[in-house]
Amino acid sequence: MKVLIIGGGQVGTYVGKKLRDSNNEVKIIEKRSKGVTLLKNIFPTNDIIEGDGTDPKILERAEINDSDVVAFVTGADETNVVGATIAKFEFGIPKVVARVNSPKNEWLFNDEMGVDIKVSQADILSSIIIDQINLDDMVTLAHLNQGNNAIVEVMIRENAKADKCFIKDLEIPLDTVMIAITRNKETIIPKGDTQLLSGDRLLLYTGEQGEKDLLKLLR
């Protein structure tokens, strides 16, 4: 997948590295000369474009038309909103992601402004805290599809229904996919004949109902 990131600060650099580690093609636009210099220590020079990410000419230089996803992750909400609008309506990018820095500006990040997915740091932090308080063993890592689905991490408690159960025999909710298992700092790819044990932490993709059903199995 080809991803264009606008904003080469700490967030943009981190996201870019993660995407490259997952074998995606990444280009980054950064307007600060100092930021560009730092990026060149991490990414190939050809994948870094110096300039304003809301300037259509700069976006064309970064080959935005070839991008599958464009992510605006600068520290300025106005830049992210304006850039998202240009990417969606001038270049017709299928998936536009935008970072929300200030909660008071979150209402601006919507379909009408060209934002397909908004990522609010305040929302993520509050969701994790609330989920920890309310559900104890379940942490919501990311909300998807306007919050209807989520990636969650759940720990299997001792004597839970899933304890010592094989995945093939587990009544996993229909709207749920098991992604990975962490056991004693080791990552296990889940298969039908994998046996779950108390203390395992499961990474799952699930819906709202799935979260409730999972807790009945795993707590």
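Read-outs: derived from the displayed coordinates by stated rules, not from any lab. What you are looking at is a predicted structure, and each value in this text was computed from that prediction instead of being measured. FYI the Cβ positions are ideal-geometry reconstructions off the backbone, even for glycines, and counts take in every protein chain you see.
If eta is 1.567 mPa s and T is 4 °C, what Stokes-Einstein diffusion coefficient results for the chain, Kirkwood Rh from Cα pairs, in µm²/s?
Answer from the Stokes-Einstein relation: 68 µm²/s.
Taking the Cα centre of the chain as origin, sum charge times position over the Cβ atoms of Lys and Arg (+1) and Asp and Glu (-1), and report the length of that vector in debye to the nearest 20.
620
Among N41, N24, N149, which one moves the most in a GNM of the chain with springs linking Cα atoms closer than 10 Å?
N41
Helix 121-135 versus the longest principal axis of the chain: what angle, 0 to 90°, nearest 10, using Cα atoms?
Orientation of helix 121-135: about 10 degrees from the principal axis.
For each pair in K17/K168; K18/K95; K40/K185, compute the distance between the two Cα atoms and list the pairs where it is over 24 Å.
K17/K168; K40/K185
Under the Kirkwood approximation applied to all pairs of distinct alpha-carbon atoms, what is the hydrodynamic radius of region 1-55 in Å?
10.8
Could you tell me the relative contact order of the chain? Use alpha-carbon pairs under 8 Å, at least six residues apart, and round to a whole percent.
13
For region 136-218, just run the numbers: alpha carbon Rg, then divide by 2.2 N^0.38 Å, N being how many residues it has.
1.00
Pairing the Cα long axis of helix 10-21 with the longest principal axis of the chain, what angle in degrees results, from 0 to 90 and rounded to the nearest 10?
Roughly 70 degrees between the two axes.
Quick check: convex hull over the Cα atoms of region 2-119, volume per residue in Å³, rounded to an integer?
88
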